[in-house]
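Undergrad: If you scroll down you'll find the structure; I have some questions about it.
The values are calculated or read from the model by the stated rules, or taken from the named source; none is laboratory data. Not measured: the values here are computed from a predicted model. FYI the Cβ positions are ideal-geometry reconstructions off the backbone, even for glycines, and counts take in every protein chain you see. Surface accessibility is based on the protein's heavy atoms, side chains included, excluding ligands, DNA and RNA. Shrake-Rupley method; radii C 1.70, N 1.55, O 1.52, S 1.80 Å.
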Amino acid sequence: TNSLCTSSDIINVNFHDLPAVDAGNDLLVCKGSGVQLSASGTGNFSWTPVNLLNNASIYNPVATPLITTTFTVTLTDQYGCKKSDQVNVEVRIQPVADAGPDMTLNYRFDTIMNAQSGHPLGTNETGEWTVLSGTGVFSDINDPEATVSNLHLGENSYIWTVTNGACPVASDTVYIVVNDLIIPTLITP
């Protein structure tokens, strides 16, 4: 405004919501393997840490972490608005299965197993006994030191399987031989 004239102008300001982005559910991977991440949203994607991804600017890169890592995806929409989300990739190591030493029993039809004596079960690992040949009833199929009973004469074999939910299953076999009772048929002075 001056003494003779008046002028005005209008500026419209448009506010845009932040873009919707979802990095997906947390994942498990076996050490040394890759896992595919999968984000959702509309716009341009940018993942970090970049050095652990095959392509940090796509929605579904393959990650190869050596340790448990949190990945962050940032989505930039058409208006330049940015929003981020995270996904945790837990790295687990390959389990080791050790069914214990083979055994020979003399006319005894039960024993205590000795699995994982040199390799105790790790975090997130579970073991399970199964009968491969012969017979046997386990007091607890998930106990490395379970009692196995109802063995039969001759060779019995059992598999101890260890899994952690991410890596290939590891297994080992133990053999238990039950010898028959020997009764002497000849008595001498």
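Undergrad: From Cα pairs below 8 angstrom and at least 6 apart in sequence, can you work out the relative contact order of the range 1-51, rounded to a whole percent?
TA: On the way: 22 pairs, mean separation 16.4, N = 51.
This gives 32 percent for the range 1-51.
Undergrad: Kirkwood Rh over alpha-carbon pairs of the range 34-117, then Stokes-Einstein at 4 °C and 1.567 mPa s: what D in µm² s⁻¹, rounded to an integer?
TA: 79 µm²/s
Undergrad: Pop out the carbon and sulfur fraction of the accessible area of the range 16-111 as a percent, whole number, probe 1.4 Å.
TA: Answer for the range 16-111: carbon and sulfur cover 48 percent of the accessible area.
Undergrad: Rounded to the nearest Å, what's the spacing between the alpha carbon centres of the range 155-169 and the range 10-63? Just the number, please.
TA: 36 Å
Undergrad: Could you state the per residue volume, in Å³, of the convex hull enclosing the Cα atoms of the range 1-78?
TA: 121 Å³
Undergrad: In addition: What accessible area per residue comes out for the chain, rounded to a whole number of Å², with a 1.4 Å probe? The partial results should precede the final answer.
TA: Values: 11870 Å² over 189 residues.
Result: 63 Å² per residue.
Undergrad: Based only on the alpha carbon positions, what is the Kirkwood hydrodynamic radius of the range 73-171, in angstrom? Working shown, then result.
TA: Values: mean 1/r = 0.0617 Å⁻¹.
Radius from the Kirkwood sum: 16.2 Å.
Undergrad: Shifting gears a bit: So if each residue of separation counts as 0.36 nm, and I subtract the Cα-Cα distance between CYS5 and THR130, what length gain in nm does that give?
TA: Fully extending the segment from CYS5 to THR130 adds 35.4 nm.
Undergrad: Suppose R0 equals 30 Å; then what is the FRET efficiency for ASN106 and ILE159 from their Cβ-Cβ distance, rounded to the nearest 0.05?
TA: Rounded to the nearest 0.05, the efficiency is 0.80.
Undergrad: Separate question: Taking the Cα centre of the chain as the origin, how large is its charge dipole in debye, to the nearest 20, when only Lys and Arg (+1) and Asp and Glu (-1) carry charge on their Cβ atoms?
TA: Roughly 520 debye for the chain.
Undergrad: Right, here's the next one. At each listed q (0.10, 0.13, 0.19 Å⁻¹), what is the log10 of I(q)/I(0) that the Debye formula gives for the chain modelled as equal alpha-carbon point scatterers?
TA: Listed by q, the Debye log ratios stand at -0.65, -0.80, -1.12.
Undergrad: Contour minus end-to-end for THR70 and VAL169, with contour as 0.36 nm per residue of separation and end-to-end as the Cα-Cα distance?
TA: Stretched fully, the THR70-VAL169 segment lengthens by 33.1 nm.
Undergrad: Also, quick follow-up: Can you tell me the FRET efficiency between GLU145 and SER33 if r is taken as the Cβ-Cβ distance and R0 is 35 Å, rounded to the nearest 0.05?
TA: E between GLU145 and SER33, to the nearest 0.05, is 0.65.
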